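Trainee: First, the structure itself, so that you have it in front of you.
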Amino acid sequence: MSVNTFKPVRFDFLSDDEDSSDSGFGSSPESVSHSTSCQRSPMIKAKRWILKWLWKEWKSEPCLIGDASTQHSLPTIDGKHSDLISIESKTVGRLLQLEYSQDYTIIDCRYPYEFDGGHIQGAMNIFTEEGIRSFLENQRANVICKRQVLVFHCEFSSKRGPKLMRLLRSLDRKENSHRYPELYYPEIYLLDGGYKAFYECNKAQCNPQAYLPMLHEDHSSDLRHFRTRSKSWTAGEKRSRSRRVAQSPY
């Protein structure tokens, strides 16, 4: 595959000052609601044309990261979630061994009792919407100067990890809607199979070297407590689920 030379360009007219729903955040250009032609200003038409062009760039080069500036630096696989970029446990293991030059942060989206029962070395435990918002706010100044790879996961990378990964990207898109397609975190991945898969083949890189399932009988009360905390934004996630097919490029 030839190297794509497309570079992100700052379009000052892609701002929230006019028709903010047309900013390209959280949806493809085709999914943006259309007004009648007599209601469209030349600026809105230009914005739509640019977004459609960027969309075609992503569609033609699926290996590009979120801001379309370059290809992914880590080897990817086809995971369970077609809208997310997945990597294998062995790739994360090599990342921990510094075989790749990227700075990285691993975000463990399991509940705290699961995390305490065993996690990937150096991982952060974030399992709520508020935690993701705080992470983005606290890290913003650092990522402007130095790009960082993010790796999300939960127990199986089936629900909690993908959900928070999508949330971070949508918040990142909103924060940077004035300079689309730039992002604070353009390169983010989902650990295929989650912590369970990683533990099975990289036990030595876990701390402690153990695996505590979410449904462990000794933690039923903890499960009820943390599920309640994380349900405050689940309703909104369900409402947006029907639109997810049209949300690429992720």
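Trainee: What are the pairs with Cβ atoms under 6 angstrom where one residue, in the stretch 203-217, is over 13 Å from Cys154 (Cα atoms) and the other, located anywhere, is open to solvent by 60 Å² or more (accessible area, probe 1.4 Å) and in a loop (DSSP other than H, G, I, E, B)? Sequence gap at least six, or different chains.
Mentor: Lys203/Gln209; Gln205/Gln121; Asn207/Gln121
Trainee: Out of the residues in the stretch 105-130 that are buried (at least 18 other Cβ atoms within 10 Å of the Cβ) and among the aromatic types (Phe, Trp, Tyr), which is farthest from His225 (Cα to Cα)?
Mentor: Phe115
Trainee: Also: Among the numbered conditions (1) in contact with a Lys or Arg (Cβ under 7 Å, 6 or more places away or on another chain); (2) within 22 Å of Gly122 (Cβ to Cβ); (3) not small (Gly, Ala, Ser), tell me where Leu168 comes up short.
Mentor: Tallying (1) in contact with a Lys or Arg (Cβ under 7 Å, 6 or more places away or on another chain); (2) within 22 Å of Gly122 (Cβ to Cβ); (3) not small (Gly, Ala, Ser), Leu168 fails exactly one: (1).
Trainee: Of all residues in the stretch 215-232, which are open to solvent by 30 Å² or more (accessible area, probe 1.4 Å) and of a type outside the set (Gly, Ala, Ser)?
Mentor: Selection gives Leu215, His216, Glu217, Asp218, His219, Asp222, Arg224, His225, Arg227, Thr228, Arg229, Lys231.
Trainee: Considering each residue of the stretch 185-205, count those that are part of a loop (DSSP other than H, G, I, E, B) and open to solvent by 30 Å² or more (accessible area, probe 1.4 Å), and give that number.
Mentor: Selection size over the stretch 185-205: 1.
Trainee: On to the next question. Listed residues Lys80, Lys90, Lys159; which is charged (D, E, K, R), without any contact (Cβ under 8 Å) to a residue 60 or more places away in the chain, surrounded by fewer than 19 Cβ atoms within 10 Å (Cβ to Cβ) and closer than 16 Å to Gly194 by Cβ?
Mentor: Lys159
The values are calculated or read from the model by the stated rules, or taken from the named source; none is laboratory data. Note that the coordinates shown come from a computational prediction; the quantities given were computed from them, not determined experimentally. Note: ideal-geometry Cβ built from the backbone for every residue, glycine included; neighbour counts use all protein chains shown. When the accessible area is computed, the model is the full protein with side chains, heavy atoms only, and any ligands, DNA or RNA have been set aside. Shrake-Rupley method; radii C 1.70, N 1.55, O 1.52, S 1.80 Å.
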